[in-house]
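Everything on this sheet refers to the single structure shown next.
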Amino acid sequence: MDKIVIEGGKRLVGTVKMSGAKNAVLPVLAATLLTEGRNVIDNVPEVRDVLTMIKLLEALGTEVENYSNEKIILDTSKVNNSEAPYDLVSTMRASCMVLGPLLARLGKARVSLPGGCAIGARPIDLHIKGLQAMGAKVWLEQGYVHGEVDLLKGISFYFDTVSVTGTANLMMAAVLAEGETILENVAKEPEVVFLADILNLAGAKISGQGTDIIKIQGTTALKPIECAIFPDRIETGTYMIAAAITQGDVTIENCIPQHLEPITLKLQEAQVDIEVEKNKMRIIGKGPIRAVNARTHPYPGFPTDIQAQFMALMTLAQGQSIIMETVFENRFMHVAELKRMGANIALDGHTAIISGVKGLSGAQLMATDLRASASLVLAALAAKGESVISRIYHIDRGYVSMEEKLSNLGAQIHRLK
Ligand code: UD1
């Protein structure tokens, strides 16, 4: 298994370009199942989760006409298989987003239940409840979610918990349902808004995206999708923190500063200098980092997907900070590893109390999930001495060429095959 080796202590300086958003392309890829024809998607980040979703689409009968230079052409005219097998779904929970589109397109679906996940139980009960309300017969058998329906029907549905992929799944199903669907307490993440906008361009009638209530007027067919994926806000946030934690001076190109506001504000509170331009940000870490508190929330709150990286920064802040995780039940896997580098962190349920230390030291580290791995990379960049991070397949799930991008900024980092 590959490992990443980092010799810490190098100040990051230079320019780095962001890739397309993983969490935006995954639902769009699932949405191609609602169409019959040639879908063209550009600015596709080449990360493992995306490759997994493409394999899944192929297993369902999609033909990959071409995939090069971040552009993919998918022909969905012959989609005829309704089974999403365990070996693909188990490696990526987001594959459950094919459930809604398959029921809408084929009237049947057999999707393996996603396996347990390092950041909590992560049920899909709301996806299932919503599809049942739309008239589908949905049941669990031998680890698979089975679904059958003649024609999905419009509904009014309230999400007890705000769910990103849950909102996407039901929105996609409702696009080809009969009548109007009203989804309440939905996710407002830019990735959900983008999906709605892209579906509308393909002929869907969705309104309210970006607010708490989304309305969908069902239609009978969609045109193929054509779009370019917007830049990844979590990748951007990770590089912002990389600049801050190394006291660097980094310009991040091809980003959407507006999507980063909760992170920008927290970093500014921590006394990091940030200059914002249209599609660009310059992050200058000069002087000591001030300890600040953070509490994760669905968008537009502080993202749970940046919590681990932000905690890495706070381990080196002056004073004590409190970070609360309110979205997931068990998302502090990075804490034990950060402590092995000399961080002073106490955990109390969903709360981490971080007392800043003067320095971290390099160590042998183990990545546990995607964003936790990123936090270890950040800590290692700032630590004294060498760190070796194993199980970095987690990083490959969501970050495009991380070693290359960091190394271009001056980090001493390489991959051991
Ligand atoms: C998405 C993102 C992930 C991010 C998360 C929260 C993608 C591909 N993944 O994951 O990177 O960390 O949003 O911003 O976009 N829940 C239920 N029942 C359900 C569904 C969710 O109880 O049916 C709970 C979850 O356990 C969790 C919370 O709702 O506690 C939020 O989860 P959700 O928004 O669904 O996360 P994902 O969509 O899986």
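The values are calculated or read from the model by the stated rules, or taken from the named source; none is laboratory data. Everything numeric here is computed off the predicted structure, so don't read it as measured data. A quick note on method: Cβ atoms are made from the backbone with ideal geometry, for glycine too, and the neighbour counts reach across all protein chains shown. The protein model used for the area step is the full one, side chains on, heavy atoms only, and it has no ligands, DNA or RNA in it. Shrake-Rupley method; radii C 1.70, N 1.55, O 1.52, S 1.80 Å.
Only bridges whose two residues both fall in the stretch 22-228 count here: according to DSSP, what percent of them are antiparallel, nearest 5?
About 75 percent, rounded to the nearest 5.
Output wanted: per-residue J couplings in Hz (rounded whole) for the stretch 84-98, from phi through Karplus 6.51 cos²θ - 1.76 cosθ + 1.60, θ = phi - 60°, x for Gly and Pro.
The phi angles translate into 9, x, 4, 4, 8, 5, 5, 8, 8, 4, 4, 5, 5, 5, 7 Hz.
Within straight cross-link reach of residue 384, meaning Cα distance under 20 Å, which lysines are found once same-chain residues fewer than 8 apart are removed?
Once the sequence-local lysines are set aside, what remains near residue 384 is 3, 10, 286, 339, 358.
In a solvent-free Debye calculation with one equal scatterer on each Cα, what is log10 I(q)/I(0) for the chain at q = 0.08, 0.11, 0.12 Å⁻¹, listed in the order of the q values?
-0.43, -0.80, -0.94
What's the carbon and sulfur percent of the chain's accessible surface, probe 1.4 angstrom, rounded to a whole number?
With neighbouring chains kept in place, the figure for the chain is 48 percent.
For the stretch 22-228, what number of Lys pairs, 8 or more residues apart or on separate chains, have alpha-carbon atoms under 17 Å from each other?
So the count works out to 18.
Quick check on the chain: helices-only [θ] at 222 nm, where DSSP H runs of length 4 and up contribute -39,500 (n - 2.57) each and the sum goes over total residues. Nearest 500, please.
So the calculated ellipticity at 222 nm is -9500 deg cm²/dmol.
Using the alpha-carbon atoms, what tilt in degrees (0 to 90, nearest 10) does helix 190-201 show relative to the longest principal axis of the chain?
30 degrees
Tabulate in residue order the Karplus-calculated ³J(HN,Hα) for the stretch 210-227, using 6.51 cos²θ - 1.76 cosθ + 1.60 with θ = phi - 60°, rounded to whole Hz; enter x for Gly and Pro.
x, 10, 6, 10, 10, 10, 10, 9, x, 9, 9, 7, 10, 7, x, 8, 9, 6
Within 10 Å, count the other beta carbons around each residue, average over each peptide in 175-182, 379-386, 279-286, and list them highest first.
Top of the packing list down: 379-386, 175-182, 279-286.
Using the crude model of +1 on Lys and Arg Cβ and -1 on Asp and Glu Cβ, and no other charge, please compute the dipole size for the chain relative to its Cα centre, in debye to 20.
820 debye
Check which residues have an amide H placed less than 5 Å from residue 180's amide H, if you skip close sequence neighbours.
The list, which skips near neighbours in sequence, is 154, 218.
Calculate, for the stretch 14-136, the solvent-accessible area per residue in square angstrom, rolling a 1.4 angstrom probe over the heavy atoms of the protein chains.
35 Å²
What does DSSP give for the chain in terms of the percent of beta bridges that are antiparallel, rounded to the nearest 5?
Within the chain, antiparallel bridges account for around 70 percent of the total.
Label the stretch 22-228 by shape, choosing from rounded, prolate and oblate, from the square roots a ≥ b ≥ c of the eigenvalues of the Cα gyration tensor; if a/c is under 1.5 it is rounded, and otherwise prolate applies when a/b is larger than b/c, oblate when it is not.
rounded
With +1 on each Lys and Arg Cβ and -1 on each Asp and Glu Cβ, and nothing else charged, work out how big the dipole of the stretch 97-179 is about its Cα centre, in Debye to the nearest 20.
Charge dipole of the stretch 97-179: 120 debye, to the nearest 20.
Relative contact order for the chain using alpha-carbon pairs under 8 Å, separation at least 6, rounded to a whole percent?
21 percent
Can you list the equivalent-ellipsoid semi-axes of the stretch 209-350, largest first and in whole Å, using the square root of 5 times each Cα gyration tensor eigenvalue?
31, 21, 13
Among DSSP bridges having both ends in the stretch 140-268, what percentage is antiparallel? Round to the nearest 5.
70 percent
Are there trypsin sites (Lys or Arg not before Pro) in the stretch 64-96 that DSSP marks as loop and that have at most 16 other Cβ atoms within 10 Å, and which are they?
Answer by residue number: 78.
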